[in-house]
Amino acid sequence: MQGEFEMSVMGELSFFLGLQIKQRKDGIFINQAKYIKEKLKKFGMENVKPQATPMSSSIKLDKDEEGKCVDSKLYRSMIGLFLYLTASRPDIMFSGCLCARFQANPKESHLKAVKRIFRYLQDTPSLGLWYPRDSTFDLHAYSDADYGGCKIDRKSTSDQDEPKTYQEAVVSPDSEKWLEAMRSEMDSMSDNQVWTLVEPPEGIKPIGCKWVFKKKTDMDGNVQTYKGRLVAKGFRQIHGVDYDETFSPVAMFKSIRILLAVAAFHDYEIWQMDVKTAFLNEKLEEDVYMTQPEGFVTPKNARNVCKLQRSIYGLKQASRSWNLRFNEAIQEFGFIRNEDEPCVYKKFSGSIVSFLILYVDDILIIGNDTPTLQSIKTWLSSCFSKKDLGEATYILGVKIYRDRSRRLLGLSQSTYIDKVLKRFRMEESKRGFLPMRHGISLSKEMCPSTPQERQRMIQIPYASAIGSIMYAMICTRPDLSYALSMTSRYQANPSEDHWTAVKNILKYLRRTKDVFLVYGGEEELRIKGYTDASFQTDKDDSRSQSGFVFCLNKDIVS
């Protein structure tokens, strides 16, 4: 070898590719302190004020299109340094990754974040990796992700809060709670005799199933229960073979508001119930076969499939079957179904008044006689497995506040709005004063016209934001109606200007998240209606635009 190459013997390994290696009897320590000090001096950062963390927890980096540009060559050089340092400093990987996204067009805000990492390195040059000897030689892996955490393209970057699959559930920190939730679901299946195990019929391909996991929260956002729901993959069903009709009604929220306004005026009781495993209450008319649930396959009959005897969540006909079963049971008790609102029921007996509202498996009972309401609960308990939630305080994401001494009732969605703002990274935005600023005029002319513009807007969660805001508008925020009407028209091909208008609605929601609908204070229960219309004000087709509002007991119901 020495005849072919000139070599020098370096002895025990202590320095390799910029890595300082210290070999001791109890282990090996690797760091890049010398390299860090050289680069701090190169970039004039050796005497800066140190920082305890590589990135502030409150920083939100984005493209900063209005920011001042900086030297991109210098910026890329700094980023390259961080990437090399990750060989021994994984603690700067996340912050370096965020800053690296802006190398094409760095701004002052990005450079400021990079310099903070340097200040952190100036305070911690000697940190490194320690590998002890005689330790168990096991490989451990950890992973995490969020949903839509990146401000640029809404991709995920950190938060596996709710597992997406069975495998994720059994290895998550809350695995015991998720397993208990799944066992509870399987117990419900067994108690309701949802399926029987049979040999797979010839020519029939069973539909699959999956676990869906959800943390149920209270009105303040605190986790109350862990829910594991077994859901059939109904999208594999064939019309005319294993399902026919699927339509199932739910109560409109305006109907809920009307009855709550009436209840506030008359000081009626408002109670709430939740039906457990509602969709399991009706027998199936069709033959439907399903694979055995993951994690709960019967070992002796592993090749068998489940022949469903009752509806299960996910089947196309499940919601309709449950609605028909509930309607049959409640009418046996003497309730009359409203012809115009099929999920609202009424019962009168002399001066005793009772109303019942059904929204899938959530039930509101309203009335003026406590024993009668209690008998309704007892009857429902004899028909279905239900959970008594007492006096209604939180339903469908809406908080219900009551001051019975003054006969006032308020509705608020502050917790839901907080979730929406956080989802779209607007929780730290400026607070808006109007849902749509005066003089803003949206039109199709603003829509993207080039493939590049369309590709950029594909990454923007425009339709998702519209849907989230729309639920707030439908429930408790009619003040958003006009702004949402204007912005929702362009979901097929939105532009940056349209997205800016949507963000202005979110900014307005941030300032007004605690706004209430308040019913009460009227001396007479009367409906008041107002309407107005413009003339040829639509810029796209010159049509007129109209609107209306109806009030009952001093606030809006429709």
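The values are calculated or read from the model by the stated rules, or taken from the named source; none is laboratory data. Model, not experiment: these values are computed from the prediction. We place every Cβ from the backbone using ideal geometry, glycine too, and count neighbours over all the protein chains shown. Note: areas computed on protein heavy atoms with side chains; ligands, DNA, RNA excluded. Shrake-Rupley method; radii C 1.70, N 1.55, O 1.52, S 1.80 Å.
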*For the stretch 368-397, how many residues meet the condition of being of a type in the set (A, V, I, L, M) and in a helix (DSSP H, G or I)?*
3
*Out of the residues in the stretch 413-433 that are out of contact with any Leu (no Cβ under 8 Å at 6 or more places or on another chain) and either among the polar types (S, T, N, Q) or in a strand (DSSP E or B) (or both), which is farthest from HIS266 (Cα to Cα)?*
THR415
*Filter the stretch 343-367 down to residues that are open to solvent by less than 40 Å² (accessible area, probe 1.4 Å) and assigned to a loop (DSSP other than H, G, I, E, B), then give me how many there are.*
2
*Considering SER414, SER405, which residue is open to solvent by less than 20 Å² (accessible area, probe 1.4 Å) and among the polar types (S, T, N, Q)?*
SER414
*Check ARG407, ARG431 and return the single one that is more than 21 Å from TYR482 (Cα to Cα) and at pLDDT 85 or above.*
ARG407
*Quick one: count up the residues across the stretch 238-253 that are in a strand (DSSP E or B) and either open to solvent by less than 50 Å² (accessible area, probe 1.4 Å) or of a type in the set (Val, Ile, Thr) (or both).*
1
*May I ask you to verify whether ASP532 is open to solvent by 30 Å² or more (accessible area, probe 1.4 Å), more than 21 Å from GLY467 (Cα to Cα) and not in a helix (DSSP H, G or I)?*
yes
_Selection within the stretch 84-121 - of a type in the set (A, V, I, L, M) and either free of Cβ contacts under 8 Å to residues at least 12 places away in the same chain or under 18 Å from ALA33 (Cα atoms) (or both)_ = LEU85, ALA87, ILE92, MET93, ILE117, LEU121
*If a residue has to be open to solvent by 30 Å² or more (accessible area, probe 1.4 Å), outside any strand (DSSP E or B) and out of contact with any Pro (no Cβ under 8 Å at 6 or more places or on another chain) to count, how many in the stretch 194-231 make the cut?*
11
*Give the stretch 358-416 a look and list any residue that's without any contact (Cβ under 8 Å) to a residue 60 or more places away in the chain and small (Gly, Ala, Ser), or say none.*
SER375, SER381, SER382, SER405
*Of all residues in the stretch 18-63, which are open to solvent by 70 Å² or more (accessible area, probe 1.4 Å), over 14 Å from LYS115 (Cα atoms) and either part of a strand (DSSP E or B) or without any contact (Cβ under 8 Å) to a residue 24 or more places away in the chain (or both)?*
LYS22, GLN23, ARG24, LYS34, GLU38, SER57
*asked:* Restricting to the stretch 448-465, give me the number of residues that are touching a Lys or Arg at 6+ places or on another chain (Cβ under 9 Å) and either open to solvent by 20 Å² or more (accessible area, probe 1.4 Å) or in a helix (DSSP H, G or I) (or both).
replied: 5
*Take the stretch 492-527 and flag every residue that is among the β-branched types (Val, Ile, Thr) and outside any strand (DSSP E or B).*
THR500, VAL502, ILE505, THR512, VAL515
*State whether one or more residues within the stretch 492-515 are free of Cβ contacts under 8 Å to residues at least 12 places away in the same chain and of a type in the set (D, E, K, R).*
no
*Name the single residue, out of those in the stretch 55-77 being among the basic types (Lys, Arg) and under 10 Å from LYS107 (Cβ atoms), that is farthest from the chain's Cα centre (by Cα).*
LYS68
*What tally of residues in the stretch 254-294 results from selecting those that are outside any loop (DSSP other than H, G, I, E, B) and over 21 Å from VAL241 (Cβ atoms)?*
23
